Structures are given as structure tokens and as C-alpha cells.
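Participant: Below are the C-alpha cells for one structure; questions will follow.
The values are calculated or read from the model by the stated rules, or taken from the named source; none is laboratory data. Source: prediction; values computed, not measured. Note that we place each Cβ from the backbone using ideal geometry, even for glycine, and neighbour counts take in every protein chain shown.
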Amino acid sequence: MSGAPVPAVCVVVGDEELLVERAVARIAAAVREEDPTTEVHELAPGTFHPGQFAELTSPSLFGERRVVVLRAAQDIVKDMVPGVLAYAADPADTAVLVAVHAGGAKGKALLDGLLKAGAHRIDCAKLTKPAERLEFIRGEFQREGRSVTRNVAQTILDTVGSDLRELAAVCAQLCADTEGRIDEAAVARYYTGKAEVSGFTVADRALEGNLPDALEQLRWALAIGTSPVLITSALARSLRGLAIAGQPIRGVGEGEVAKRAGVPPWKIKSIRQQARHWTAHGIAHAIAVVAETDAQVKGAGTDPAYALERAITAIVAARR
């Protein structure tokens, strides 16, 4: 839409909330570039009537422009649909209609009618694949004029999870707080003090067989006050996830596998990459090591840090 006139009717289709909000904001900003006095009006089902919609979308006597955002368009009552479609077929020069539709079967007649009338469509479907989220992360840095490697993007995804708002916030904060190259160390610094995250970072490095990094992350986690109990818990949960989700299970979808393993669905791919270097015997041995270490850090031993270092070394050795 950059540089071109804003279409009189736009349809934002999808249920990825952050992408929907950004799409609506881009349209409003583009209209305001053409006319800084433009007003934005938000309408939601059940809060407005046909007369109000007609008033907001009708030509203005003084030529001022409006952006009318119709939220949850799939939920508007049937009596409203003809008026919205009639406007889409003959829109006013002074108003831009933005209909936000979830994209499902509900309210499909309205969506189809708007598109048939020539509405400009913007898709904002949920990002369901890890590769899509990795591209989203890298795109966030590009928006700020920065760049990161795929490994850094993967580290952020593994650490933060799949929520786009959280991913966007982390990327923005890293850009604001980091000068020069943004690497995995910068991501680790950003999470200083977040106990659960630091515990799982230790676990991931150990399961990957990277002993130096695993020990470095362990010492850093302990130095910032992470409880040894949380670290053994992270090790145990990661090994359990490896045992359950490490290999495809015939007839069972990834969502169900993730549920059984107690991990988010987006992490299945990285777990299976780790599993390539593990045997069932090695996983069983590592789980036994963690169980013994858990007892030691809870009072059976005298030095939790030493017990954890021994456990990390044993886990890496148990890897194929």
C-alpha cells in the first residue's frame, strides 16, 4: 500500500491478533499520510446500529476523511449485512472501511460479498509452523534496521515460545538494549534473572551435547540466583520430553504428542533434532542421573553446584 492510494474498502482476514492490529494500524497511518486530520472510528457488533454506520460512512460536507473499522465482522447481525455490502459496492470518497473478519465459516457471506465488491484483502492467519515464526522474528529485526542469524532467531523462539506479541516485544527490547551484533549471548543477557528460562537453557545445551556451553550456562544461572531445584526440574522435563516426543508416534498427531510430553507444539521439531543423537538406553541413564541429582540438591548432598556439574557431564556422556 506504500505510495499508492488507500483502497476504499479493506478486509483484514485472520485471527493472528498482532498481525491484525498491525494491518489496521498501517491502513489508518496510510490514510493519515494523505490527510493528517483523518479520524478513526471503531465499531463492534452489538455496539452500533445501521444508522450510525451509514452516518460514519456517508460523504462529509466538509470533506474530512474517516477510517471506519468494523471489528469482528463475522459476528454482526444479519440485518446489518446488506447495508455494509451496499456501501462496499459504492463507497464514499471520504471514508475508508476496514472490516476485520476471523476468516472462518461464520459470516462467510459478508466476507465473500465484500471481496466480490472489490475489497482489498489482507491475510493475517495464525503462524502455525516454526519456520514461519523464525521468519517473523527475523522480520522484526529488519523492521528496526537490524539483522540476526537463523540460530539467534531459533534461540529466541526456543526461549520465548510462540506468542507473537511476546516475540515482538523481545525483538524490540533487544534492538533497544544492544549495540552492534545481536548474538546468542545478547539473548542470554536479556533473560538474566529469569530462573525458568535459564534452567531450560542449561538443559538444551546438555541435551545437544555441548558440554562447555552447558557448564557455562549452569554457572551463570547459579550466579544470578537460579535455584538448583529449578535446574534439575528443567533437566527432568527436557529429558521426559525427549523420551516421549523424540520420535514420531504412528497415528498420533504432533499436538497430542506435545501434550503427552508436556512441551509446547512449536518445540517438537527441535526435540526431534536432539533425539537423533540419543538412544533409549542413553535417555534412561540420563533420567536416572537427574533423579539422583535432584535428591542431592534437595539435601542428600552437600554441594548442589558440584552435583549439577557432575550431572551435566554425565548427561552429555550419555548422548550417543
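Participant: So which residues in region 239-254 are assigned to a helix (DSSP H, G or I) and modelled with pLDDT under 70?
Facilitator: Correct list: 254 only.
Participant: Do you know which residues across region 255-281 are assigned to a helix (DSSP H, G or I), modelled with pLDDT under 90 and not aliphatic (A, V, I, L, M)?
Facilitator: 255, 256, 259, 260, 265, 266, 267, 269, 270, 272, 273, 274, listed by residue number.
Participant: Now for a different question. Could you run through region 296-320 and say how many residues are aliphatic (A, V, I, L, M), surrounded by 13 or more Cβ atoms within 10 Å (Cβ to Cβ) and either out of contact with any helix residue (DSSP H, G or I) (no Cβ under 7 Å at 6 or more places or on another chain) or farther than 18 Å from residue 214 by Cβ (or both)?
Facilitator: 1
Participant: For residue 17, state whether it is touching a helix residue (DSSP H, G or I) at 6+ places or on another chain (Cβ under 8 Å) and acidic (Asp, Glu).
Facilitator: So residue 17 fits the description; yes.
Participant: If you don't mind, there's one more thing I want to ask. Just checking, does region 104-125 include any residue being under 30 Å from residue 154 (Cα atoms) and surrounded by fewer than 19 Cβ atoms within 10 Å (Cβ to Cβ)?
Facilitator: Yes - at least one qualifying residue is present in region 104-125.
Participant: Looking at 119, 86, 102, 109 in this structure, which one is of a type in the set (A, V, I, L, M, F, W, C), without any contact (Cβ under 8 Å) to a residue 12 or more places away in the chain, over 20 Å from residue 177 (Cα atoms) and in the same structural domain as residue 42 (by TED's automatic domain parsing)?
Facilitator: Criteria check complete, one pass: 86.
Participant: Any idea how many residues of region 93-103 are touching a Ser or Thr at 6+ places or on another chain (Cβ under 6 Å) and either farther than 16 Å from residue 120 by Cβ or surrounded by fewer than 16 Cβ atoms within 10 Å (Cβ to Cβ) (or both)?
Facilitator: 1
Participant: In this structure, does residue 167 turn out to be surrounded by 20 or more Cβ atoms within 10 Å (Cβ to Cβ), part of a helix (DSSP H, G or I) and in contact with a strand residue (DSSP E or B) (Cβ under 6 Å, 6 or more places away or on another chain)?
Facilitator: no
Participant: All but one of (1) under 25 Å from residue 32 (Cα atoms); (2) within 26 Å of the chain's Cα centre (by Cα) hold for residue 94; state the number of the condition that does not hold.
Facilitator: (2)
Participant: Related question: Between a residue in region 129-147 that is free of Cβ contacts under 8 Å to residues at least 60 places away in the same chain and any residue that is among the β-branched types (Val, Ile, Thr), which pairs come within a Cβ distance under 6 Å, given they are 6 or more apart or on different chains?
Facilitator: 137/156; 141/148
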